[in-house]
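Asks: Would you mind keeping the following structure in view while I ask a few things?
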Amino acid sequence: MTVFSNFFRRLFHKPPPVERVSLAEVSFLADDSDAMLTCDQVFELIDLYAERAERGEDVAHLMPLVAAHLELCPDCREHYEALERVLQAE
Ligand SMILES: [Zn+2]
């Protein structure tokens, strides 16, 4: 059982889709076992997250830590919504 899957279970009460977890997310967790992403970490991933969401991918499952952070952090959510608007305008 990895730290990530424990974390995911705590958040979503089910096992993670391990095969689809990106290396970026796992490496963030390796540094901090009780990880929530920091705003800086979310900032690095948010472009990718917004692009994948825009393509209709299930980002809540593909990038659950980013999704969890956006739930909790109004600043990052604002940034994400601004990105969404840019992507939709393209
Ligand atoms: Zn944040």
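The values are calculated or read from the model by the stated rules, or taken from the named source; none is laboratory data. Quick caveat: nothing in here was measured; it's all calculated off a predicted structure. Backbone-built Cβ (ideal geometry, glycine too); neighbour counts: all protein chains shown. What goes into the accessible areas is simple: the full protein's heavy atoms, side chains included, and nothing from ligands, DNA or RNA. Shrake-Rupley method; radii C 1.70, N 1.55, O 1.52, S 1.80 Å.
Asks: So, in region 61-90, of the ones that are outside any helix (DSSP H, G or I) and surrounded by 15 or more Cβ atoms within 10 Å (Cβ to Cβ), which residue ends up farthest from the ligand (Cβ to nearest atom)?
Replies: Top of the filtered list is Met63.
Asks: Restricting region 38-60 to residues that are closer than 12 Å to Tyr80 by Cα, of a type in the set (A, V, I, L, M) and more than 12 Å from the ligand (Cβ to nearest atom), which is most open to solvent (accessible area, probe 1.4 Å)?
Replies: The qualifying residue most open to solvent (accessible area, probe 1.4 Å) is Leu48.
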